[in-house]
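What follows is calculated from the coordinates using simple rules that are stated; it is not laboratory data. Note that the coordinates shown come from a computational prediction; the quantities given were computed from them, not determined experimentally. Because the Cβ atoms are built from the backbone with ideal geometry, glycine has one as well, and the counts that use them run over all protein chains shown.
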Amino acid sequence: MEIEMVVLTNFQALDKVAAFLEGSGPEPELTTAQDCPMSEWLKDNPRPDLDEPHEEFHRVLLEAVERKKQGLIDEANALLDRGFLLYSQLERAIFE
């Protein structure tokens, strides 16, 4: 898979979580970092500097959905903000 598609897949996950948190989308079906196409890409293109941020990105999205389901909206939104930051860092590191 091309890296552009890999990055797009992560953005789509982020977008689905944002829609769910604002109430305009269904609960997203999310994957762990290990099940994400980026992990496959990283196996073929080792980038140790991306492993932890990518894992944290997925962990944060999963936690944001859980917080929303628990009614902890402020916490969910803070986690989403962290997800956007991590996504930006990953994207910047990949395309620099």
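Comparison of 17, 6, 60 shows that the only residue that is of a type in the set (Val, Ile, Thr), farther than 15 Å from residue 84 by Cβ and surrounded by 16 or more Cβ atoms within 10 Å (Cβ to Cβ) is 6.
Taking residues in the stretch 61-80 that are on the phi < 0 side of the Ramachandran plot, and partners anywhere that are basic (Lys, Arg), the pairs with Cβ atoms closer than 7 Å and at least 6 places apart or on different chains are 75/67; 76/67; 76/68; 79/67. Taken together, 90, 85 contain a single residue that is part of a helix (DSSP H, G or I) and crowded, with 16+ Cβ neighbours inside 10 Å, which is 90. Taken across the stretch 40-51, residues that are touching a helix residue (DSSP H, G or I) at 6+ places or on another chain (Cβ under 9 Å), surrounded by 14 or more Cβ atoms within 10 Å (Cβ to Cβ), touching a residue at least 40 places away in the same chain (Cβ under 8 Å) and among the hydrophobic types (A, V, I, L, M, F, W, C) do occur, with at least one present. For the stretch 70-82, the candidate set comprises residues that are of a type outside the set (Asp, Glu) and in a helix (DSSP H, G or I); within that set, the residue that is surrounded by the fewest Cβ atoms within 10 Å (Cβ to Cβ) is 73.
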